[in-house]
Amino acid sequence: MLIGALIVRIGILSKRKHMFTGELRKYLESMGHSINIYTRENLQIDDNLLENDFYILKSKQLMFLYAGFFLKSHNIPVFPDPEISYKQKNRIESHFLIKNAGLQAPNIFLGIKNIIKKKIKKKDYPIVVKPLMGSGSRHVYLINNPNELNFKKEKILYVEKYIEGKHILVYFIGDLVRAYEKLPFSDEHSSMRNIGVTKKINNIISRWKNKYNLQIGHLDIVIEKDKGIIYIVDTGSFPEFSQWDINPKPPELIWNIILKSYKNNFDS
C-alpha cells in the first residue's frame, strides 16, 4: 500500500541480512517503512512476492535476479533494474557494455582449457581467469604461464589480459564519486586509501552512467603502468560501499535517488 509519497512495504533481495542490507533496513525502518528481507533461505519466486510495493535488488546472484525479472513482469518497481544488473554480473555482457560505452577493457579470450593453452601466445601472459558470472575478486586467478592452467573441469574459461598498473575502486551514487587505491585482486573490504577523483576518472564515470542511465554502482579500474591508459576491469550495480567516507551515508543517498526516480509510483 502506498500512502502519499511514502512506501510502507519494501522488499530487499539480498544474500545476507547484515552489512549494507542491515544498514539500509535500519535507515528505512527509521523512516517508518515496513521492510521484508529475502535471502536464499526464504526467497520463493511466486505471487507472495507481490505483497510488497517496491523492491531493492541488493544481490546480483541469479536467484535474486530472477526474482527481479518476475517482479518487473508484474509491474512491481525494482531498483536497480534487473536487466542491467544481470549484464554487469555476466562477464561477457559486462565486457561489451564497457566497449559500447567507448571505454577501454582488457582483451578477453574464451574457450576450454586446452584451447586457451594453444591459442594464447606467450607474450599475452600473465592472464587473469575469472568466473563467467560474478564480480569482485572471488575465484579470480592470476596465471603466469600455461602450466598454471590446471583447472580440472573442462568448462568455458573467461580470460583477460592482465594489466599491470595502479588499481582503483571507484564508487558513484548520483553525482557523488569517490576513488580509492587498492591492491590488485583485493576485495571491496580490504584496506584502501582515498586518492581523490581526477578529471579523467570523473569523465569515465559520467560516460558510464549516462550510457546506461545508472544512478549507483562501482567500477574497478587499472591505470596502465607504461602509457597511463585507463582500463575498466570490473563493474558492479550495487556494491557494499564499505569504503564510503563522507556524509550523507549511502542508505540515505540511495533512498533519495529512489524517491526521485520513482516519484510517480510513490504519488499514485
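Tabulated data
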| quantity | calculated |
| --- | --- |
| Sole residue being in contact (Cβ under 8 Å) with a residue 60 or more places away in the chain, of a type outside the set (D, E, K, R) and surrounded by fewer than 17 Cβ atoms within 10 Å (Cβ to Cβ), chosen from Ile92, Ile112, Ile98 | Ile92 |
| Subset of the stretch 198-227 (residues that are small (Gly, Ala, Ser) and touching a residue at least 40 places away in the same chain (Cβ under 8 Å)) | Gly217 |
| Given (1) among the hydrophobic types (A, V, I, L, M, F, W, C); (2) closer than 22 Å to Gly68 by Cα; (3) at pLDDT 95 or above; (4) surrounded by fewer than 17 Cβ atoms within 10 Å (Cβ to Cβ), number of the condition Leu259 does not satisfy | (3) |
| Number of the condition not met by Lys87 [criteria: (1) in contact with an Asp or Glu (Cβ under 8 Å, 6 or more places away or on another chain); (2) at pLDDT 95 or above; (3) surrounded by fewer than 17 Cβ atoms within 10 Å (Cβ to Cβ)] | (3) |
| Within the stretch 158-179, considering residues that are farther than 30 Å from Lys123 by Cβ and not aliphatic (A, V, I, L, M), the one farthest from the chain's Cα centre (by Cα) | Asp175 |
| From the options His139, His74, residue that is surrounded by fewer than 19 Cβ atoms within 10 Å (Cβ to Cβ) and either in the same structural domain as Ile257 (by TED's automatic domain parsing) or within 30 Å of Asp53 (Cα to Cα) (or both) | His74 |
| Every pair of residues 6+ apart whose Cβ atoms lie under 9 Å, when the first sits in the stretch 25-47 and is in the same structural domain as Val8 (by TED's automatic domain parsing) while the second is assigned to a strand (DSSP E or B) and among the small types (Gly, Ala, Ser) | Leu28/Ser34; Ile35/Gly11; Asn36/Gly11; Ile37/Gly11; Tyr38/Gly11 |
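The values are calculated or read from the model by the stated rules, or taken from the named source; none is laboratory data. Just so we're clear, the structure is a prediction, and the values are computed from it rather than from any experiment. With ideal geometry, Cβ positions are generated from the backbone for all residues, glycine too; neighbour counts draw on all protein chains shown.
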